[in-house]
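Below is one structure, written out as structure tokens; comments come after it.
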Amino acid sequence: MRITGTEPVAGGYGVLVDLDRCIGCRACQVACKEWNGRPAREVSFSDALAGRLTADNWKVVRFVDVGRPVPVPLQCMHCIDPPCVPACPVAAIEISDEGAVVVRQGDCLGFGNCAAACPYDVPQRAGDGTYAKCTFCVDRIQAGLEPACVEVCPTDVFRFGPLDEVRRVAEGEVARGRQVYGVGLDGYVGGGTRWIYMASKWRAEALRQAFPRVPRKRLGLHLALFMFLKRRLRLISLVSVVHRHVRRLTRTAPIYTASNRR
């Protein structure tokens, strides 16, 4: 039973990313910015190729050099048991029933524990000191829509659906000899991620360069102990949630929904 909104979700949704289909057009990146109302900024050619996640760039396309450039779309991986969630001391990060890992920026105090715990370096500090990242377009999913980046892709790179179905397809691709990333991972992320990548032939090397083979972060003793206790003692998570609601008594924290996403 989920009480605090910080417990991992059984089921939910996932996305299968087929790198063999990606042409690097960045339509997904633009759609993400448009839907979430994130500002655009001018970048250099080298920065554009590097594809760095920022507090305003929740979806990027990174070109990985494997002898020739391979475009790799990147965003929050939405881990099955996301380490950023127990790392947050004020329960500002929640897991929706759909499996989306969402930062409530109105509750974030900018400690940065989420960034320290994330093996994919996803949460990024915004100008106001809070942290921001991809929300899996949870507002769209709850409205019966696909994430914005999935819907706009012209070459059908992304396959969105129930996580169990996405995993079955990925396992079938492994049997066909394709390289897959996002299943059978370290327990630090719950054994897998909701964004699962696959590639064949020479593009498979891009997966090995883009993602850590063992997604795990070296943590300080205090943070490691805090996360260990929160994952195993629900009472501590409940205390964090109660603290968050007490803080809300003096103000109204923004809730991330379709009506106020901008």
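Go through Ala204, Ala210 for me and flag whichever is aliphatic (A, V, I, L, M), more than 17 Å from the chain's Cα centre (by Cα) and open to solvent by less than 80 Å² (accessible area, probe 1.4 Å). Explain how you work it out, then say what you get.
Details: Ala210 fails: more than 17 Å from the chain's Cα centre (by Cα).
Being aliphatic (A, V, I, L, M), more than 17 Å from the chain's Cα centre (by Cα) and open to solvent by less than 80 Å² (accessible area, probe 1.4 Å) holds for just one of Ala204, Ala210, which is Ala204.
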- request: With the condition kept exactly as written, say whether any residue in the range 87-100 is at positive phi, open to solvent by 20 Å² or more (accessible area, probe 1.4 Å) and modelled with pLDDT of 95 or more.
  value: no
query: Among the residues of the range 2-18, is any assigned to a loop (DSSP other than H, G, I, E, B), within 30 Å of Arg203 (Cα to Cα) and at pLDDT 95 or above?
result: yes
task: Those residues that are of a type outside the set (A, V, I, L, M), assigned to a loop (DSSP other than H, G, I, E, B) and open to solvent by 20 Å² or more (accessible area, probe 1.4 Å), I need them from the range 109-118; list them, please.
output: Phe111
- line: Residue pairs within 7 Å by beta carbon, gap of at least six or interchain, first lying in the range 6-19 and among the polar types (S, T, N, Q), second crowded, with 20+ Cβ neighbours inside 10 Å and part of a strand (DSSP E or B), listed first then second, are Thr6/Glu94; Thr6/Ile95
- prompt: What residue, among those in the range 28-52 that are in contact with a strand residue (DSSP E or B) (Cβ under 7 Å, 6 or more places away or on another chain) and at pLDDT 95 or above, is surrounded by the most Cβ atoms within 10 Å (Cβ to Cβ)?
  reply: Cys28
task: List every residue pair whose Cβ atoms lie under 9 Å apart, where the two residues are 6 or more positions apart in sequence or sit on different chains, the first residue falls within the range 178-191 and is within 13 Å of Gly14 (Cβ to Cβ) and free of Cβ contacts under 8 Å to residues at least 40 places away in the same chain, and the second residue, located anywhere, is of a type in the set (Val, Ile, Thr) and surrounded by fewer than 18 Cβ atoms within 10 Å (Cβ to Cβ).
output: Val180/Val174; Val183/Val174
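The values are calculated or read from the model by the stated rules, or taken from the named source; none is laboratory data. Being a predicted model, the structure only gives us computed values, none of them experimental. Reconstructed Cβ throughout: ideal geometry from the backbone, glycine too, with neighbour counts over all protein chains shown. The accessibility values were calculated without ligands, DNA or RNA, using every heavy atom of the protein model including side chains. Shrake-Rupley method; radii C 1.70, N 1.55, O 1.52, S 1.80 Å.
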